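Notes to accompany the following structure.
The values are calculated or read from the model by the stated rules, or taken from the named source; none is laboratory data. All values derive from a computational prediction rather than experimental measurement. Quick reminder, even Gly has a Cβ in these numbers, built from the backbone with ideal geometry, and neighbours come from all protein chains shown.
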């Protein structure tokens, strides 16, 4: 969705966007929201000013990946095709034949997401000193922050005693915090 307008001295434009994509593996996907605004104003015959701002946030619903014991695709490929997904009581089975967690249980019970936020903007002023020579002053910002949270319940490993794991991390320019 976008909006544009203005008059002989001022022009502006604003837009909003949303994107959603479900992943190939259950419980995975991607959502992003974006907003953009720009304005230009001719204050006088020699002075012009303006600003541009872009805000975005994205959330990625992730699933265990790679080749570790809790990775979904390797566990699904190692699983026998006739192995049951559920126990008679409705809980997820543990794949004893390969000593690995149930890939459906991994996808449904593991919570793992990453949220990324971004702000990019600038404000400027132009002053025409004389024809063909313009002085420009600009102030810019580019901020990015990411938060990553992952929880794996202890029940994912079948009857083997394993502690539940919670990992949260925040990534900001110049710093990393892991809790």
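Taking residue 18 as the residue in question, decide whether it is within 21 Å of the chain's Cα centre (by Cα), assigned to a strand (DSSP E or B), within 14 Å of residue 114 (Cβ to Cβ) and modelled with pLDDT of 95 or more. Please lay out each step first, then the result.
Values: within 21 Å of the chain's Cα centre (by Cα): yes; assigned to a strand (DSSP E or B): yes; within 14 Å of residue 114 (Cβ to Cβ): no; modelled with pLDDT of 95 or more: yes.
Against the criterion (within 21 Å of the chain's Cα centre (by Cα), assigned to a strand (DSSP E or B), within 14 Å of residue 114 (Cβ to Cβ) and modelled with pLDDT of 95 or more), residue 18 does not qualify.
Of all residues in segment 67-84, which are out of contact with any strand residue (DSSP E or B) (no Cβ under 7 Å at 6 or more places or on another chain) and assigned to a loop (DSSP other than H, G, I, E, B)? Working first, answer last.
Narrowing segment 67-84 to residues out of contact with any strand residue (DSSP E or B) (no Cβ under 7 Å at 6 or more places or on another chain): 67-68, 71-74, 76-77, 80-82, 84.
Within segment 67-84, 67, 68, 71, 80, 81, 82, 84 meet the criteria.
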